[in-house]
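**Student:** Supplied in structure tokens, the structure appears directly below.
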Amino acid sequence: MPDSQLVLDLTLTIRHDGHGGVADDLTEPAGLTAWVRQHLPELGEFTADPVTLASVRELRAAVRALFAKAVRPGEPSPADARRLLPELEALTRLNAAAARVPVVPVFAWDAEPLAELRPAAPAEPAALLTATLARAAITFLAGPDRAKLRACHAPRCVRYFLKEHPRQEWCKPSCGNRARVARHHERHRSGQS
């Protein structure tokens, strides 16, 4: 999975709940376990515990704060607008998580030469998870896809997305429909006053 998709999927564990509020898919270790098994199958039969859940939630808060910075001068996601971490704290959390598992370059030459980064020593699954997510966030935030990052401002949406088309304004078509309906109702309400 590309780094940009992995880090976006992590931020999307905070979402609209369908009833006007915000839902968090990572409130219990079971939620993190399911998310990791779906998004990082290379971690095998990973099972989250409360400590790992807390570290991933802290990392996610840092990533969402840095996403809010990345979409400036646009507004951050409504889910984050009033509770963003200070930028320095977000950077410190992100870098600390990435450093939890040192990596070394490894070169292999089977059919084709291949260079990749691998853990310098065996790592516990929890440290490997947070380091992997943090490195994906760093790669995304330092890469060219960051310029396409936007916060969706459709009614009730709290998602970040990558703007893939010049006219794209929302994360998905249903958000565009909600935004158009809300504008229509606002125009008619304003016109009747």
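The values are calculated or read from the model by the stated rules, or taken from the named source; none is laboratory data. Note that the structure is a prediction, hence the values are computed from the model and not measured. Cβ sites come from the backbone with ideal geometry, for glycine too, and all protein chains shown count toward neighbours. Ligands, DNA and RNA are stripped out before the accessible areas are found, and what is left, the full protein with its side chains, is counted by its heavy atoms. Shrake-Rupley method; radii C 1.70, N 1.55, O 1.52, S 1.80 Å.
**Student:** Taking the Cα-to-Cβ direction at GLN5 and at ALA54 and moving 7 Å from each Cα, how far apart do the two end points lie in nm?
**Tutor:** Computed distance between label sites GLN5 and ALA54 equals 3.3 nm.
**Student:** To the nearest 20 debye, what is the magnitude of the charge dipole of the stretch 1-154 about its Cα centre, counting +1 on the Cβ of each Lys and Arg and -1 on the Cβ of each Asp and Glu?
**Tutor:** Working: 16 positive and 19 negative charges, 128 e Å.
Approximately 620 debye in magnitude.
**Student:** Put HIS165, HIS19 in order of accessible area, largest first, 1.4 Å probe: what do you get? Please report the intermediate quantities before stating the final value.
**Tutor:** Working: HIS165 100, HIS19 165 Å².
Largest accessible area first, the residues go HIS19, HIS165.
**Student:** Could you give me the ³J(HN,Hα) list for the stretch 88-102, computed from phi with Karplus coefficients 6.51, -1.76, 1.60 and θ = phi - 60°, whole Hz, x at Gly and Pro?
**Tutor:** Values per residue, Gly and Pro as x: 4, 5, 4, 5, 4, 4, 4, 5, 5, 5, 5, 7, 4, 10, x Hz.
**Student:** What does the accessible area of LEU84 come to, in Å² to the nearest 10, when a probe of 1.4 Å is used?
**Tutor:** Rounded to the nearest 10, that gives 70 Å².
**Student:** In the P(r) worked out for the stretch 7-94, what percent of Cα pairs fall beyond 19 Å?
**Tutor:** Numbers: 1630 of 3828 pairs.
Of all Cα-Cα distances in the stretch 7-94, 43 percent exceed 19 Å.
**Student:** Count charges around ALA70 for me, please; just the other residues with Cβ under 13 Å from its Cβ, Lys/Arg as +1, Asp/Glu as -1.
**Tutor:** Working: positive: ARG64, LYS69, ARG72, ARG146, LYS148, ARG150, LYS163; negative: GLU75, ASP80, GLU87, ASP145.
Result for the local shell: +3.
**Student:** Turning to a different aspect of this structure: Could you give the angle, 0 to 90 degrees to the nearest 10, between helix 29-39's Cα long axis and the longest principal axis of the Cα atoms of the chain?
**Tutor:** It works out to around 80 degrees.
**Student:** Same structure again: Each residue of the stretch 52-58 in order: what ³J(HN,Hα) in whole Hz does its phi give by Karplus 6.51 cos²θ - 1.76 cosθ + 1.60, θ = phi - 60°, with x for Gly and Pro?
**Tutor:** 5, 4, 4, 5, 5, 5, 5
**Student:** From the protein chains alone at 1.4 Å, what is the descending order of accessible area for SER174, SER4, largest first? Write down the numbers at each step before the final one.
**Tutor:** Working: SER174 55, SER4 20 Å².
I get SER174, SER4, largest accessible area first.
**Student:** Using alpha carbon centroids, what distance separates the stretch 90-155 and the stretch 39-57, in Å?
**Tutor:** 15
**Student:** At 222 nm, what helix-only mean residue ellipticity would the chain give, in deg cm²/dmol to the nearest 500, using -39500 (n - 2.57) for each DSSP H run of four or more?
**Tutor:** Values: 6 runs with 90 residues, N = 193.
Helix contribution divided over all residues of the chain: -15500 deg cm²/dmol.
**Student:** So what are the ³J(HN,Hα) numbers for the stretch 130-144, from phi and the Karplus equation (6.51, -1.76, 1.60; θ = phi - 60°), rounded to whole Hz, Gly and Pro as x?
**Tutor:** For the stretch 130-144, the Karplus-derived couplings read 5, 5, 4, 5, 5, 5, 4, 5, 4, 4, 5, 5, 8, x, x Hz, x marking Gly and Pro.
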